[in-house]
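Written below as structure tokens is the structure these notes are about.
Rule-based calculations on the coordinates, nothing more; no lab input. Note that the structure is predicted; figures quoted are calculated from it, not measured.
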Amino acid sequence: MFATVFVLLYAAHLLSDYALQSDHQAEHKAEPGITGWCANLSHAATHVLVSAVLLALGTAVLNLPLSGPITAVSLAWVGASHALLDRRWPVLWWMEHVGRAPKYAANGGAAFVDQAGHVTALVLAALAAAA
């Protein structure tokens, strides 16, 4: 069941991060202040909503035996971890502490570190939901 839940969460992630993220959200989600937090939290809420829809669809179509409370915690984790990573400072902190900045960042590496963080968070959410 882990693989199925992970694929559903990853599909939701791709939809939310690329197809459904507005230019405004992408440009402002890491900024300080109300504009940045509104962009960030609305983007994270999109992740939670799309993930919930796909997990509900998976439950209905594939008869997944997901626990409501554990799934709710997994969805909260998806939203919270996404919001944190998209503030960008955790990605920069990681890159600085593993010796990958600034050369790696200048060559687009921050986007890969960001996505690795998101996928890791999805793995943890899928493990919890499937347990």
**nm² value of the averaged projected area, convex hull over the Cα atoms of the range 50-127** = 5.8 nm²
**Asked** Using the alpha-carbon atoms, what tilt in degrees (0 to 90, nearest 10) does helix 2-14 show relative to the longest principal axis of the chain?
**Response** 50 degrees
**Message:** Taking every pair of distinct Cα atoms and averaging 1/r, then inverting, what Kirkwood hydrodynamic radius in Å comes out for the chain?
**Reply:** 15.2 Å
